[in-house]
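Only one structure is covered here, and it is reproduced in the block below.
The values are calculated or read from the model by the stated rules, or taken from the named source; none is laboratory data. What you see is a predicted model, and the numbers here were worked out from it, not measured in a lab. Please note: Cβ atoms are built from the backbone with ideal geometry, for glycine as well, and neighbour counts cover all protein chains shown. With ligands, DNA and RNA removed, areas are computed over all heavy atoms of the protein, side chains included. Shrake-Rupley method; radii C 1.70, N 1.55, O 1.52, S 1.80 Å.
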Amino acid sequence: MGTRAEIGMSAPPEVVFGTATDPDRVSAWLPEPLRADGGERPQEASAEELRARWSTDSAPGWSAELQVEPGDAGGSRVRLDLTGGDDGLADEALANLAGEVADNLTAG
């Protein structure tokens with residue numbers, strides 16, 4: 001069973017996607033079962049389409065697909081399709097990603 005969550009962020013889409021796929025930041029937002037087997041890097045990623053997908057052999061039935069699109073006023077619209085876990089996990093993961101994006105913007 002999968003869940004979908006969406007969130008708006010005030011950062012440009014490229015910054016959101018770069019933060020989401022940064023191996024040093026993945027552990028702060030991606031659910032733990034998807035970080036097994038070197039899951040710090042997505043199995044599939046397209047910087048051009050701002051889409052990434054994670055899955056792992058260690059946690060069958062778990063996967064995540066992230067899509068980042070331009071939003072209002074130079075911001076982003078972010079969608080996460082998550083398979084595995086409970087219903088609130090996708091929302092929690094995106095909230096954690098938003099925190100990482102904010103940290104990334106203030107650090108740089």
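Quick notes on this structure:
- Any chance GLU14 is assigned to a helix (DSSP H, G or I), touching a strand residue (DSSP E or B) at 6+ places or on another chain (Cβ under 9 Å) and at pLDDT 95 or above: yes
- Filter result (aliphatic (A, V, I, L, M) and open to solvent by less than 30 Å² (accessible area, probe 1.4 Å)) within the stretch 1-22: ALA5, MET9, ALA11, VAL16, ALA20
- Evaluation of ALA20 against (1) small (Gly, Ala, Ser); (2) part of a loop (DSSP other than H, G, I, E, B); (3) under 10 Å from the mean Cα position of the chain (by Cα) (one fails), failing number: (2)
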